[in-house]
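Report on the structure given below.
The values are calculated or read from the model by the stated rules, or taken from the named source; none is laboratory data. As the structure is a computational prediction, the values presented were derived from the model and not from experiment. Note that each Cβ is placed from the backbone with ideal geometry, even for glycine, and that neighbours are counted across all protein chains shown. Note: accessible area is taken over every heavy atom of the protein model, side chains too, but ligands, DNA and RNA are not part of it. Shrake-Rupley method; radii C 1.70, N 1.55, O 1.52, S 1.80 Å.
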Amino acid sequence: MSMIGEYARLTPAELDRAVRDPDWAREFVDELVETELDVHPEPSEARLHEVDKAWHALDFPVDVVHGEEEILGAEDWGYGPPRFLRPERVRIAAKALSATPHEALIEGVLPAELAEAGVYPAVVWERGESLDYVTGHYQALVPFLRAAADAGDALLIWLD
């Protein structure tokens, strides 16, 4: 089974409810999945986003991989309970990612170095596959985060 990095944009009110009622959060995210499954909105319009297995290679000052705060009492959503970033941290993350061109993300980095460092999914890097895999997901994540920041949204983050 693979670990897929997933994100859901939440308004501050939705985040407050998710923190108080983790079961509601799961149901809400499931509804968002059903809504966006057929529509496939652009990242800047989406409420959900996933970075497939590239999540571990996206390491920034704000923890966009795992989130910074736990939702206490939440059940396991795949590889642990969901975590979140508050709106002010989403703004910082969006600013940091927007200021970092996708080329800079992989500049001077070789797949073998990612494998040696244990960056998930190591098997991909051991095969020497292109780092375009990471930059492609990064390029879609940036407008998703920017839209969340512009709307004043929080992010719910989990590995599934």
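Kindly list, by first and then second residue, each pair from a residue in the range 132-160 that is free of Cβ contacts under 8 Å to residues at least 40 places away in the same chain to a residue that is in a helix (DSSP H, G or I), limited to pairs with Cβ atoms under 7 Å and residues at least 6 apart or on different chains.
Short answer, once both residue conditions are applied: 135/102; 135/105; 135/106; 139/102.
Out of the residues in the range 24-62 that are more than 23 Å from residue 137 (Cβ to Cβ) and in contact (Cβ under 8 Å) with a residue 40 or more places away in the chain, which is least open to solvent (accessible area, probe 1.4 Å)?
Once the filter is applied, the top-ranked residue is 25.
I'd like the full set of residues that are out of contact with any Pro (no Cβ under 6 Å at 6 or more places or on another chain), surrounded by 12 or more Cβ atoms within 10 Å (Cβ to Cβ) and not hydroxyl-bearing (Ser, Thr, Tyr), limited to the range 89-107.
89, 90, 91, 92, 93, 94, 95, 97, 101, 102, 105, 106
Checking the conditions here, which among 109, 119 is under 22 Å from residue 3 (Cα atoms) and β-branched (Val, Ile, Thr)?
119
Residue by residue, here is whether (1) over 23 Å from residue 32 (Cα atoms); (2) not in a loop (DSSP other than H, G, I, E, B); (3) not small (Gly, Ala, Ser) holds:
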{"site": "79", "(1), (2), (3)": "no, no, yes"}
{"site": "105", "(1), (2), (3)": "yes, yes, yes"}
{"site": "146", "(1), (2), (3)": "no, yes, yes"}
{"site": "149", "(1), (2), (3)": "no, yes, no"}
{"site": "156", "(1), (2), (3)": "no, yes, yes"}
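What about residue 147, is it farther than 30 Å from residue 28 by Cβ, open to solvent by less than 40 Å² (accessible area, probe 1.4 Å) and either in contact with a helix residue (DSSP H, G or I) (Cβ under 9 Å, 6 or more places away or on another chain) or modelled with pLDDT of 95 or more (or both)?
Judged against the criteria, residue 147 is not a match.
If you go through the range 73-92, how many residues are touching a residue at least 60 places away in the same chain (Cβ under 8 Å) and under 20 Å from residue 3 (Cβ atoms)?
9
For the range 1-23: of the residues being of a type in the set (Lys, Arg) and assigned to a helix (DSSP H, G or I), which is surrounded by the most Cβ atoms within 10 Å (Cβ to Cβ)?
Checking each candidate, the answer is 17.
Conditions (1) of a type outside the set (A, V, I, L, M, F, W, C); (2) under 16 Å from the mean Cα position of the chain (by Cα), marked per residue:
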{"residue": "3", "(1), (2)": "no, yes"}
{"residue": "19", "(1), (2)": "no, no"}
{"residue": "33", "(1), (2)": "no, yes"}
{"residue": "44", "(1), (2)": "yes, yes"}
{"residue": "48", "(1), (2)": "no, yes"}
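Keeping to the range 108-131, report how many residues are in a helix (DSSP H, G or I) and surrounded by fewer than 18 Cβ atoms within 10 Å (Cβ to Cβ).
Residues flagged as in a helix (DSSP H, G or I) and surrounded by fewer than 18 Cβ atoms within 10 Å (Cβ to Cβ) within the range 108-131 amount to 7.
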